[in-house]
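Undergrad: The structure that follows is given in the form of structure tokens.
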Amino acid sequence: MTFGKRVRQLRHAKEWSLRDLAEKVAVGFTYLSRVENERLNFGDYPSDALIHRLADALEADEEELLILAKRIPEPVKKRVLQRPDAFRAFAGCDDQTLDKLMTQIGQSPVPRKGRKR
């Protein structure tokens, strides 16, 4: 799922119009339309501050929205910098190995399209 599609999905779940959400997060509704339709120029991508406001207004997981917007949440950045060796190792793992690691630490792996479970 893309950032724009997720924002639209969350907005529809609240039964809000683009104008409703735009007012709540203090941006123009045409800008939000471009966000939802993935029609942004490079410099127009939502700031971390706007993503935070969207998450608050939509009662969404801010880290999920940041990641969908191809941003790294601050707690993840901090941990990567503390343990770069571990994250380099994780980056080299295949999905099956990562799923096993997640299970070992008590997390449920997220199913991915086209993958047998």
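The values are calculated or read from the model by the stated rules, or taken from the named source; none is laboratory data. In this text, all values refer to a predicted model and were calculated from it rather than measured experimentally. Note that we place each Cβ from the backbone using ideal geometry, even for glycine, and neighbour counts take in every protein chain shown. Heads up: the accessible areas ignore ligands, DNA and RNA and are worked out on the full protein's heavy atoms, side chains in. Shrake-Rupley method; radii C 1.70, N 1.55, O 1.52, S 1.80 Å.
Undergrad: Please work out which residue is modelled with the lowest pLDDT, limiting yourself to the range 42-55 and to residues that are hydrophobic (A, V, I, L, M, F, W, C) and exposed (fewer than 14 other Cβ atoms within 10 Å of the Cβ). Steps first, answer last, please.
TA: Step one: of the range 42-55, the residues hydrophobic (A, V, I, L, M, F, W, C) are 42, 49-51, 54-55.
Add one more test, that the residue is exposed (fewer than 14 other Cβ atoms within 10 Å of the Cβ), and what stays is 42, 49.
Working: Phe42: 68, Ala49: 95.
For the range 42-55, the residue satisfying everything is Phe42.
Undergrad: Between Pro84, Pro73, Pro46, which is more than 13 Å from the chain's Cα centre (by Cα) and not small (Gly, Ala, Ser)? Break it down into steps so the answer makes sense when it comes.
TA: On the way: Pro73 fails: more than 13 Å from the chain's Cα centre (by Cα); Pro46 fails: more than 13 Å from the chain's Cα centre (by Cα).
Residue meeting the stated conditions: Pro84.
Undergrad: Taking the condition of being under 15 Å from Gln9 (Cα atoms) and among the basic types (Lys, Arg), how many residues in the range 32-73 meet it?
TA: Qualifying residue count, the range 32-73: 1.
Undergrad: Got a number for residues in the range 56-86 being open to solvent by less than 70 Å² (accessible area, probe 1.4 Å) and more than 30 Å from Ala26 (Cα to Cα)? Talk me through it step by step, then tell me what you get.
TA: Of the residues in the range 56-86, the ones open to solvent by less than 70 Å² (accessible area, probe 1.4 Å) are 57-58, 60, 62, 64-66, 68-69, 71, 73, 76, 80, 84, 86.
Filter once more, keeping what is more than 30 Å from Ala26 (Cα to Cα): 80, 84, 86.
Adding up the residues that qualify gives 3.
Undergrad: Among the residues of the range 1-41, count how many are open to solvent by 30 Å² or more (accessible area, probe 1.4 Å), in a helix (DSSP H, G or I), under 20 Å from Ile67 (Cα atoms) and charged (D, E, K, R).
TA: 4
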